[in-house]
Amino acid sequence: MREKSVFKMNGFAALILALLCICSGIYLIVTGTNSPEKVALGVLVILLGLIIATSLTIVQPNEAKVLTFFGTYLGVIRDQGLWATIPFTFKRSVSLRVTNFNSEKLKVNDLEGNPIEIAAVVVYKVSDAAKALYDVENYEKFIQIQSETGIRHIASTYAYDSFGNNENALTLRQNSDEVADVLVSDLQKRLDVAGVDVIEARIMHLAYSSEIASAMLQRQQAQAVLSARKVIVDGAVGLVKAAIDQLAEQEIVELDEEKKAQMVNNLMVAIVSEKGTQPIINTGSIY
């Protein structure tokens, strides 16, 4: 089923013609009480006016009227206003406005098998009114079910977080824009049959399920602590190396390898330690 245009004409002219026919028919019937031919003509004129009236339809802004004639699909009127079309047609309205759908919080297993909660908002509009009405049973319900199916599929395709194991892999938490683009593409394929264009789809809720949320939080905290420790150690090594090199260049003191090792140990402990160190003043020989 494809959307196509249908015959239409100015509805105001048709409305005036219908009123003239009805008024003329009534006049002929009233004035022709002694003339059966005049009465019959009046009845026919009134019927003609009523037939013209059945062709009238009002199309609101951003709305389409889909016309069928005794079960046969005729076409669609998209232009707003009052129109006259084929008489005795059945007319159904389809909104062409941009609409959003907020999915429920879905419980899904991600790529690594961790149970997560995910929800998304889908922004769409009807592009083909005929397909929306006649290719699916209920296009709004169809959009809802297919959107949730697409969200589940995307959630199971990516991991919630890589935890630094593979920095190049896309994850639901770190690559929201890329995942949103993939979700839009997936939903568009699913909703083409309903004549719907997906404008945007974006994850609005993402969290671990309650049964593993505490454990995953501890894992994230441990990962953050390890990353911070690595930065501290890298910085401490640079500081110690710079201190030893500067002492050697300025010939402030000569240290053998054993004393250098002791100095490195003391500096590393002082820099890396989370608690303040207590200095010890040596008034004797360092040997």
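Some values worked out for this structure:
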item	result
Nonlocal amide H pairs with Ala159, under 5 Å, H built at 1.01 Å	Leu111, Leu172
Amide N of region 2-34 lying under 15 Å from the label point, which is placed 7 angstrom from the Cα of Leu48 along Cα→Cβ	14-29
Accessible-area composition of region 1-155, carbon plus sulfur, in percent [1.4 Å probe]	60
Pairwise FRET efficiency - Glu137 versus Glu117, Cβ, R0 = 35 Å, nearest 0.05	0.75
Förster radius 25 Å - calculated FRET efficiency between Leu106 and Leu170, Cβ distance, rounded to 0.05	0.80
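The values are calculated or read from the model by the stated rules, or taken from the named source; none is laboratory data. Computed from a prediction, not measured in an experiment: that's the story for all the values here. We place every Cβ from the backbone using ideal geometry, glycine too, and count neighbours over all the protein chains shown. Side chains are part of the model used for accessible areas, which takes the heavy atoms of the whole protein and leaves out ligands, DNA and RNA. Shrake-Rupley method; radii C 1.70, N 1.55, O 1.52, S 1.80 Å.
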